[in-house]
1. What angle, in degrees between 0 and 90 and rounded to the nearest 10, separates the Cα long axis of helix 131-145 from the longest principal axis of the Cα atoms of the chain?
2. Once the Cα atoms of helix 112-125 and of the chain are each reduced to a long axis, what angle between those two axes, in degrees from 0 to 90 to the nearest 10, is obtained?
3. If I build a Gaussian network model for the chain, linking alpha-carbon pairs within less than 10 angstrom, which residue out of 231, 67, 86 has the largest mean-square fluctuation?
4. Under 8 Å for C-alpha pairs, at least 6 residues apart: give me the relative contact order for the chain, rounded to a whole percent.
5. Pick from 157, 185, 147: which is most flexible by mean-square fluctuation in a GNM of the chain where alpha carbon atoms under 10 Å apart are linked?
6. Among 161, 210, 37, whose mean-square fluctuation peaks in a Gaussian network model of the chain (Cα, cutoff 10 Å)?
7. Please arrange 116, 34 by counting, for each residue, the other beta carbons lying within 10 Å of its beta carbon, fewest first.
8. Treat the count of other C-beta atoms within 10 Å as a stand-in for reagent exposure and order 173, 20, 193 from fewest to most.
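Laboratory data are not the source of any read-out in this text; all were calculated from the coordinates shown. Fair warning: this is a prediction, and the values are worked out from it, not measured in the lab. Backbone-built Cβ (ideal geometry, glycine too); neighbour counts: all protein chains shown.
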Ligand SMILES: [Zn+2]
């Protein structure tokens with residue numbers, strides 16, 4: 001109860017009554033929070049331009065007794081990443097990231113690693129050339145932070161070493177990577193380069209990776225695996241992902 005003050009990423013807003021907005025924000029200090037920004041639908045509002053999705057803000061809110069919605073008092077814009085989105089594909093990837101945060105992150109659960117991951121990925125997510133790599137990076141790390149990323153170096157069946165040179169299969173029902181002998185039924189064969197890239201994602205920073213030479217095909221292949229793992233790991237389908245796949249012709 002009382003004053004909440006935190007950095008936050010704006011996830012989504014909804015119109016509320018005539019002049020207000022309901023705001024969902026992922027805050028660094030309190031996790032996902034829902035609040036009301038009064039008067040924010042007015043043209044001359046003190047919130048104008050500060051509540052766009054993907055905005056990184058400093059937020060002050062007031063928690064009220066027996067009320068789920070906090071009252072948002074002040075929002076300072078640190079950086080509006082939504083404005084930096086350069087093309088439609090990047091826009092769709094941003095929408096997917098926002099949907100993931102809306103659907104897979106529990107309310108009020110503080111997770112500083114996840115918040116830092118967002119700040120790490122957002123600057124490149126809107127960039128036409130790097131947005132797919134940024135999206136892959138986010139998905140792999142989101143799985144890892146949620147404890148859903150299987151070992152990338154040992155078969156989930158026999159524990160034998162996996163390597164880019166050895167046939168590897170992704171078994172979604174068992175959420176693991178398997179060697180040829182351990183795979184059951186129709187596992188998806190993983191490209192050696194994609195597996196290698198996954199190993200780099202968990203070791204290197206995104207700017208480091210983006211600055212080096214990463215084969216487009218490996219990014220695409222790993223992206224396809226990551227999207228499937230996210231859906232099966234979190235046990236849901238994401239609307240923005242269907243749209244993203246349609247628009248990119250599942251490349
Ligand atoms: Zn095995």
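1. Computed tilt is about 90 degrees.
2. The two axes meet at around 80 degrees.
3. 67
4. After rounding, I find 15 percent.
5. Comparing 157, 185, 147 in a Gaussian network model of the chain, the most mobile one is 185.
6. 161
7. Least to most surrounded, the residues fall as 116, 34.
8. 173, 193, 20
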